[in-house]
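Let me begin by presenting the structure, written as C-alpha cells, before commenting on it.
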There are 2 protein chains.
Amino acid sequence: MSLSMYQASIPVFIRMLGNLSAILDKGAKHAEAKQFDSSVLVNSRLAPDMFPLARQIQIATDGAKGCAARLAGIDIPVFEDTETTIDELQARIAKTVAFLQSVSAAQIDGTEEKLVTLKLRGREAQFAGQAYLLNFVLPNFYFHVTTTYAILRHNGVEIGKPDYLGSY
Amino acid sequence: MSLSMYQASIPVFIRMLGNLSAILDKGAKHAEAKQFDSSVLVNSRLAPDMFPLARQIQIATDGAKGCAARLAGIDIPVFEDTETTIDELQARIAKTVAFLQSVSAAQIDGTEEKLVTLKLRGREAQFAGQAYLLNFVLPNFYFHVTTTYAILRHNGVEIGKPDYLGSY
C-alpha cells in the first residue's frame, strides 16, 4: 500500500495525541506526589514570552482538527480556549481524537493538490494540501507537542523519550 | 502527484535543517551581541538530565541521514560526535543536507513495506518503512529540532515560530 494523505496525517495525530495525554497524566501524578497545584504546570512556560502549557495543547489540537477538517472539506469543530486544568486539557485532547476518528481515509486521500487557505499572522496563506500537511501542519503540531513535553520535563516531571514516542 | 515516501522525508528534512541552521545562526549572533561565549548555548539544556543543544543537533541529523540511508539501502554516513562549537554544528548540518541531496526520489519511493531494523535501547526493533518514517523518524526528528529551538529561546535568543517553520 502506498503512503497516502490520510496515513500521513490522521493516524499520526491520533497516536501523538495519545502520547501527549499520557505525558500530561504523568504531569498530574507528579503534582499530586509532590503536593503542588497542577495548575502551576498548566501555566508554566519556557520563556516569559512563550505560550504556557495550556496554550501549547490548544494549538496542537487546533492544528490536528483544522488539518483534518480542511482536507476533508468539512467544518472545523470550534473549541473554546478556556481550559485551565489538566482535566480540561485531557478532555480537549479526547474531543480532538474523537473528531479525528470520525474522519475517514476516503475524505482525506487524494487531497495532495487541494487548495487550502488560512489566515496566518493577519494575512492569507494558500497551500496545496500536501505542502500544507508536510510544511506547515506537521512541523507545527510536533512543535507544540514537544514544547509541552519540554515544559513538563523542565519542571521535573519524570518523562522520557519513550513516553513521547509511545509504542511504535 | 500523490504523496510519496520521498516527498514525506527528504525534502522535509532538508527544509527543517535549513531552518535549524538559521535558528542556530541567530544563537551565534545573540552570543556575539551580548558578548558571551556561544559555547554556553552549545552546552545548554532544559533539564539537568536532558541532552544539551549540541547533542540535540547530532541526534536530529543522525535521524535524517539514518532514515535516508536505511530506506535507500545504502551505508549511513558516519559523523564523529565531536562538535563543540556552533560553527562545527553548522558544518554537521551542511554535511547532512549534502548527503540528503545526493539521495534520489527513485531510491526512496516504494519503500513503504521495506523492512528496517535498528537497535533501540539495547534491543532490536523492526519496522516497515512507512511506520519507521511516520511513527519513529519524524516525531524524533521534530523533537530534537524543537528542543534546540526551545533551548535557544529559553536562553533569550530572539527567535520565533516563523524561524522554526521557515518559508512554506
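No lab work stands behind these numbers, since they all come straight from the coordinates. Quick caveat, the model's predicted, so the values are computed rather than measured. Note that each Cβ is placed from the backbone with ideal geometry, even for glycine, and that neighbours are counted across all protein chains shown.
Side notes on the structure shown:
- Total formal charge among the other residues, if their Cβ is under 13 angstrom from that of B:Thr117, Lys/Arg +1 and Asp/Glu -1: +3
- Against chain A, whose longest principal axis comes from its Cα atoms, helix A:10-34 is set at around 10 degrees.
- Placing a label point 7 Å from Cα along the Cα-to-Cβ direction at A:Phe79 gives distances to the equivalent points in the other copies of 3.6 nm, listed shortest first.
- Electrostatic tally near B:Thr96: other residues with Cβ closer than 10 Å to its Cβ, Lys and Arg +1, Asp and Glu -1, net +2.
- Sorted shortest first, the distances from the B:Gly110 label point to those of the same residue in the other copies are 2.5 nm; each point sits 7 Å from Cα along Cα-to-Cβ.
- Backbone HN-Hα couplings from phi across the range B:129-136 [Karplus 6.51/-1.76/1.60, Hz, Gly and Pro as x]: x, 5, 5, 4, 5, 7, 9, 10
- Dipole check for chain B: with +1 at the C-beta of Lys and Arg, -1 at the C-beta of Asp and Glu, and the Cα centre as origin, the magnitude is about 280 Debye.
- For the range B:36-114, pairs of C-alpha atoms spaced more than 20 angstrom apart make up 41 percent of the total.
- Inter-chain neighbour count for B:133-140: the average number of beta-carbon atoms from partner chains within 10 Å of each residue's beta-carbon is 6.
- Whole-angstrom gap from the range B:49-86 to the range A:25-70, using each part's C-alpha centre: 29 Å
- Compared with the dominant Cα axis of chain B, that is its longest principal axis, helix B:53-72 is turned about 20°.
- Across the protein assembly as shown, the fraction of Cα-Cα pairs farther apart than 29 Å, rounded to a whole number, is 37%.
- To the nearest ten degrees, helix B:138-154 and the longest principal axis of the Cα atoms of chain B are 0 degrees apart.
- Magnitude of the charge dipole, the protein assembly as shown, Cβ model with Lys/Arg +1 and Asp/Glu -1, debye to 20: 60 debye
- Every pair of different Cα atoms in chain A enters the Kirkwood calculation, which places the hydrodynamic radius at 16.6 Å.
- The same position A:Ala91 in the other copies lies at 5.6 nm from this copy, comparing label points 7 Å beyond Cα toward the beta-carbon, shortest first.
- Structure note, pairs B:Lys34/B:Lys95; A:Lys26/B:Lys65; A:Lys26/B:Lys26; A:Lys29/A:Lys95; B:Lys29/B:Lys161: Cα-Cα distances above 26 angstrom occur for B:Lys34/B:Lys95; A:Lys26/B:Lys65; A:Lys26/B:Lys26.
- Helical contribution to [θ] at 222 nm, DSSP H n ≥ 4, -39,500 (n - 2.57), averaged over chain A, rounded to 500: -17000 deg cm²/dmol
- Per residue, the average separation of C-alpha pairs within less than 8 Å and at least 6 apart gives chain A a relative contact order of 36 percent.
- Charged neighbours of A:Ser4, selected by a Cβ distance under 13 Å, balance to -3 (K, R count +1; D, E count -1).
- Sites A:Arg123 and B:Lys34, calculated FRET efficiency, Cβ-Cβ separation with R0 41 Å, nearest 0.05: 0.80
- Reference-scaled alpha-carbon Rg (2.2 N^0.38 Å with N residues) for the range B:1-74: 1.40
- Projected over all directions and averaged, the alpha-carbon convex hull of the range B:83-130 occupies 4.9 nm².
- Amide H contacts of A:Leu120: A:Ala125, each under 5 Å away and 5 or more positions distant or on a separate chain (H built 1.01 Å from N in the peptide plane; Pro and chain starts excluded).
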